[in-house]
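A.B. asks: Here you go, one structure.
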There are 2 protein chains.
Amino acid sequence: MQRVEKELERLIAEIDYEEVSRLFKMLSGGKRLRAKLILKIAGEHKDAPLLGAVVELIHAASLLHDDVIDEAMTRRGVASVNATDGSKTAVMLGDILYSKAFTELVAFDRDVARTIAASVTALSKGEMMDVKMAENFNTDEALYLDMLYLKTATLIEAAAKASALLVGKDAQKHALYGRNLGLSFQIIDDILDITATEEALGKPAMNDFVEGKCTLPYIYLYEELNSSDKERLLAAHAKNISKEETTWIQEKMQEYKTVEKSFELAQKLSNEAQNTMSEDIELVMILDTMIKRSF
Amino acid sequence: MQRVEKELERLIAEIDYEEVSRLFKMLSGGKRLRAKLILKIAGEHKDAPLLGAVVELIHAASLLHDDVIDEAMTRRGVASVNATDGSKTAVMLGDILYSKAFTELVAFDRDVARTIAASVTALSKGEMMDVKMAENFNTDEALYLDMLYLKTATLIEAAAKASALLVGKDAQKHALYGRNLGLSFQIIDDILDITATEEALGKPAMNDFVEGKCTLPYIYLYEELNSSDKERLLAAHAKNISKEETTWIQEKMQEYKTVEKSFELAQKLSNEAQNTMSEDIELVMILDTMIKRSF
């Protein structure tokens, strides 16, 4: 991973603008999940660290714009760029990181470059769908999973597929692995928003629902409720809800086991990915760790 | 140009999201200067219309984000996307158009793709410099021209260079032509902000200065003024100024011929480009028309 960090440093230095270097240093790099995945799949290829850095730049740019769009004041426990330097700066920095990443991508084989580039269109489209869907109470599971795929899974899918292409491994299998990893990762994230403590999350519990986002446990709950309870749930959507309503929703979720049902889907997707990649113990382990995380 | 519009339609349709198609239709396409330039240079190449569409997508994306950053409510006389659909939508739409353009770019030869992609990093960096510079009264002509080059000229330079590469024409000559076309275009734009009527501009005269932007005529004026007048000019910077101050600035500009001085630089850059391209009468004519425009 040091090789990836070094490439990131080099690319940021090449932008040759002090303001960008300063702002980039302020970003929490996060877990660098995508770059780690690329190194696991294609670590022996000389360009794998560069590909990892490119994908992490894209991921950082998308988070910068996400935080502007969601008006998020923190990111991974530190103040977001839109909080410290304003949303305009976050938009501009995101544009610079995106375009620098695309410029570097050009050096790769066409199929590698196209895989990554196309996933960025998908993730931007997913972000727009996410915002549109939060305007109403979405009860459509398939539509929700489509959005989740675009917004969260496509870049991980592309990272896995592109690194497989780089070293001549099975691109389709790796794409499926990355897709399911991304989907189950996000479903677990959505579950933790409901089940984890405020301290562990670093934000209020059930924040998604307050922001209008109906994740799987809410969609499944809505399906189960009788019509007057459906109305009660609808009335609580997309606003600051009372402790009483929070408790009621959590009790109903327990009654109908909607968190468990969501977890089962994450587990199913994860198993599918593990079966596809059964010969690669490291990739299997990543999924194990991910599915068992508690925050 | 119909071929470019057709390619644009096809690319937008490929994004396959109704909301994007609706929003893209609302954008005024503008003069499509960059695509026209590409067709003039490389019109006989089968991929020239696609390259033109890619560059116009990039230009549209950059304007969407510019309007968010400048809080501009209109663009080319029509309401901006951030005015009608909010700044978040404008950010997301810009990201989608940028990434779609980059995805298509991958199909081109590496040097063509790299030329265009790198210019987007430059223009995003130029936008950030523009915003930073507007925080104070910038009196540094060289710094101003650097920013102008990055923000406005690099994409035109890249369009000219990339299309020359596409058909095996002299890339360096065409790059210089595009650079100077872009620079002189923007200097004329800055002049018109001072000299054109409110009706012709569709916005208040001297709007740049009100927004904090010190264009060449202001930089040259500052150089000429005595210290008490310097202070008076500084005091008027970046705020809504009275009719009296507007008149005073315009009189001082006439006295010191700072608009003429700016125009001379535009003319010089334009002449240099014309001399480089003297054998290509069409490219020479573009500059003639541009430099003589009155709005």
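Every read-out reported here was derived from the displayed coordinates using simple, explicitly stated rules and does not represent laboratory data. Keep in mind that what you see is a predicted model, and the values were worked out from it rather than measured. Cβ coordinates were reconstructed from backbone atoms using ideal geometry, including for glycine residues, and neighbour counts include every protein chain displayed.
A.B. asks: Which three extents, in angstrom, do the Cα atoms of the protein assembly as shown have along their principal axes, listed largest first?
C.D. replies: So the extents along the principal axes, rounded to whole Å, are 81, 54, 44.
A.B. asks: Okay, next question. Suppose you put the label 7 Å out from Cα in the Cβ direction; list, shortest first and in nm with one decimal, how far A:E251 is from each other copy's label.
C.D. replies: Result, one decimal in nm: 7.9.
A.B. asks: Please report the spacing between the Cα centers of segment A:88-167 and segment A:212-259 in Å, no decimals.
C.D. replies: Each part's Cα centre sits 30 Å from the other's.
A.B. asks: A further question on this structure: Assume the label is 7 Å from Cα along Cα to beta carbon: what separations in nm does B:A107 have to the matching positions in the other copies?
C.D. replies: Copy-to-copy label distances for B:A107: 2.6 nm.
A.B. asks: Turning to a different aspect of this structure: Can you tell which of A:S124, A:S242, A:S163 shows the greatest fluctuation in a Gaussian network model of chain A with Cα springs below 10 Å?
C.D. replies: A:S242
A.B. asks: A further question follows. Among chain A residues, which Cβ is nearest the axis of the A-onto-B rotation, and at how many Å?
C.D. replies: Here the nearest residue and distance are A:F102, 2.
A.B. asks: Tell me which aspartates and glutamates have Cα within less than 19 Å of A:K243's Cα, excluding those fewer than 8 residues away on the same chain?
C.D. replies: The qualifying aspartates and glutamates are A:D193, A:E198, A:E199, A:D208, A:E211, A:D229, A:E231, A:E251, A:E255.
A.B. asks: Further question on the same structure: Kirkwood hydrodynamic radius, computed over distinct alpha-carbon pairs, for segment B:178-218: how many Å, to one decimal?
C.D. replies: Hydrodynamic radius (Kirkwood, Cα only) of segment B:178-218 equals 10.6 Å.
A.B. asks: Another question, then. Please give the contour-minus-distance gain from A:E244 to A:K257: 0.36 nm per residue of separation, less the Cα-Cα distance, rounded to one decimal in nm. Write down the numbers at each step before the final one.
C.D. replies: Values: separation 13, 0.36 × 13 = 4.68 nm, distance 1.95 nm.
Extra length from A:E244 to A:K257 when fully extended: 2.7 nm.
A.B. asks: Normalised by the residues of segment A:163-295, what does the relative contact order come to in percent, with Cα pairs under 8 Å and at least six apart?
C.D. replies: 37 percent
A.B. asks: In addition: Considering chain B as a Gaussian network with a 10 Å cut-off on Cα pairs, which listed residue, B:T115, B:T152, B:T197, attains the greatest mean-square fluctuation?
C.D. replies: Most flexible of the set in this elastic network: B:T197.
A.B. asks: Along Cα→Cβ, 7 Å out, is where each label goes; now give me the distance between the ones at A:E141 and B:T84 in nm to one decimal.
C.D. replies: Computed distance between label sites A:E141 and B:T84 equals 3.8 nm.
A.B. asks: So, with +1 on the Cβ of K and R and -1 on the Cβ of D and E, and no other charges, what is the size of the charge dipole of segment B:225-295 about its Cα centre, to the nearest 20 debye?
C.D. replies: 380 debye
A.B. asks: Just tell me which lysines come within less than 20 Å, Cα to Cα, of B:K88; anything on the same chain fewer than 8 places away is out.
C.D. replies: Of all the lysines, those that pass the test against B:K88 - Cα under 20 Å, at least 8 places apart if same chain - are A:K88, A:K125, A:K132, A:K151, A:K213, A:K239, B:K25, B:K100.
A.B. asks: Can you tell me, using C-alpha contacts under 8 Å and at least 6 residues apart, the relative contact order of chain A as a whole percent?
C.D. replies: 16 percent
A.B. asks: With just the Cα atoms of segment B:36-151, tell me how far they stretch along each of the three principal axes, in Å, largest first.
C.D. replies: The principal-axis extents, from largest down, are 46, 37, 23 Å.
A.B. asks: Between A:E18, A:E245, A:E198, which gets the highest mean-square fluctuation from a Gaussian network model of chain A, Cα cutoff 10 Å?
C.D. replies: A:E18
A.B. asks: To continue, here is another question. Based on the Cβ-Cβ distance of B:E264 and A:K230, what FRET efficiency does E = 1/(1 + (r/R0)^6) give at R0 = 60 Å, to the nearest 0.05?
C.D. replies: So the FRET efficiency works out to roughly 0.25.
A.B. asks: Hey, with R₀ at 35 Å, roughly what FRET efficiency would B:T289 and B:K203 work out to, going by the Cβ-Cβ distance, to 0.05?
C.D. replies: 0.95
A.B. asks: Kindly state, to the nearest 0.05, the FRET efficiency for B:D111 paired with B:K40, given R0 = 25 Å and r defined as their beta-carbon distance.
C.D. replies: Taking R0 as 25 Å, the efficiency between B:D111 and B:K40 is 0.80.
A.B. asks: Quick one: the Cα spread of chain B along its three principal axes, in angstroms, biggest first?
C.D. replies: Per principal axis, max minus min of the Cα coordinates gives 59, 46, 30 Å.
A.B. asks: Treating the point 7 Å from Cα along Cα-beta-carbon as the label, what are the nm separations from A:K169 to the other copies, to one decimal?
C.D. replies: 4.6
A.B. asks: Could you give me the percent of Cα pairs per 10 Å distance bin for segment B:122-295, shortest bin first, beginning at zero and ending with the bin that holds the maximum distance?
C.D. replies: Reading the bins upward from 0: 10, 36, 33, 16, 5, 1.
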